[in-house]
Amino acid sequence: MKKALLLFVLLSASIHLYSLQWPVQADFLESSFLEEYNGEVFPGLIFRGYDSMRPFDYGETIFRFSPEDYSPLPSMDGSMLVLEHENGFQSIYTHISSKETRADRNRLSAGEYLKSPGGGKYPGICHFYIRDALQNQLVNPLILLPLIKDSNPPVIESILLADSENEYELNNDLILPVGHYDVYVKGLDNNKGGKTKSPFGFTLYNLGTLQLERALDSVNQKDNELAFDDGVEVSSVFLKPGYLYLGGITLTSGQAKLEIFLSDVQGNELSRAYSLEVVR
């Protein structure tokens, strides 16, 4: 999961990290990157209960939008502001007061405030995105924002192996027929300082050999669909509610030892191993 994006993020963040800040306190985090929220997998952060946002870094305004009765732009829910930063990233803030987007401010410092609308369709709910302008990707903001103090590893709630006919919950007493199986993982990362509900990294080994991995680090826009770097669409990865589809593996007859690792953005990691028998 060591990708070019993460290297770029680390190099950029090492210079600018001291000035980066949460747009809203982490205590108000309602949903994190690529978590399902109201039936939709969301490529940003959602905060609830805020009264104002702050730029996560000093930046220049490159786009502003306020809903109007007559507008040449497509219909949007709430106002939006886009800032461009010297570190190569762009930050996007939605559901802020229309007065904020109409204000003639070309540059915003990290100490300025973007007030909420104070009512309407989305009272106290705002969306925050970070875009890597060089890679043309939406980036998981938790990679860049100051880390929440947390030493708790993620929790594995369930692992499912599914063939064309049956679905099996993985355990050490499992006996499976040989064949190809889709792997679904249900994990939880319950941080003390916020509500980061989904683990960041998922990795599966069989007999010590890497089989599958997925990191929730960034997504691309592909034919109006969100997709990971390997071309897999986000909608297919989160097709089963509450689970992440990790991919498919082929099990041959004999003993199998599946070991799965879950990690969070703080680097906390949990591993669990399962020994099972595969028969013809």
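Averaged over residues, the count of other Cβ atoms within 10 Å places the peptides 168-181, 22-35 in the sequence 22-35, 168-181, highest first. With both labels modelled 7 Å from their Cα along Cα-to-Cβ, the Lys186 to Lys257 distance reads 2.8 nm. Hey, with R₀ at 22 Å, roughly what FRET efficiency would Tyr168 and Val232 work out to, going by the Cβ-Cβ distance, to 0.05? Taking R0 as 22 Å, the efficiency between Tyr168 and Val232 is 0.45. For a modelled paramagnetic label at Asn224, 7 Å from Cα along Cα-to-Cβ, no residue of the range 20-56 is in reach, as no backbone nitrogen comes under 15 Å. Just the protein heavy atoms count here, and of the accessible area of the range 217-261 at 1.4 Å, carbon and sulfur take up 48 percent.
Extension gain for the segment Glu40 to Asn206, taken as residue separation times 0.36 nm less the Cα-Cα distance, is 56.5 nm to one decimal. Ligands, DNA and RNA excluded, the heavy atoms of Lys115 present near 120 Å² of accessible surface to a 1.4 Å solvent probe.
Near Tyr274, once Lys and Arg are set to +1 and Asp and Glu to -1 for all other residues with Cβ below 15 Å from its Cβ, the sum equals -2.
FRET efficiency for the pair Ala273 and Leu134, taken as 1/(1 + (r/R0)^6) with r the Cβ-Cβ distance and R0 = 41 Å, rounds to 0.55. Cα convex hull, the range 121-181: 265 Å³ per residue, rounded to a whole number.
The values are calculated or read from the model by the stated rules, or taken from the named source; none is laboratory data. Remember, it's a predicted structure, so these values are computed and weren't measured experimentally. Please note: Cβ atoms are built from the backbone with ideal geometry, for glycine as well, and neighbour counts cover all protein chains shown. Keep in mind that these areas ignore ligands, DNA and RNA; they rest on the heavy atoms of the full protein, side chains included. Shrake-Rupley method; radii C 1.70, N 1.55, O 1.52, S 1.80 Å.
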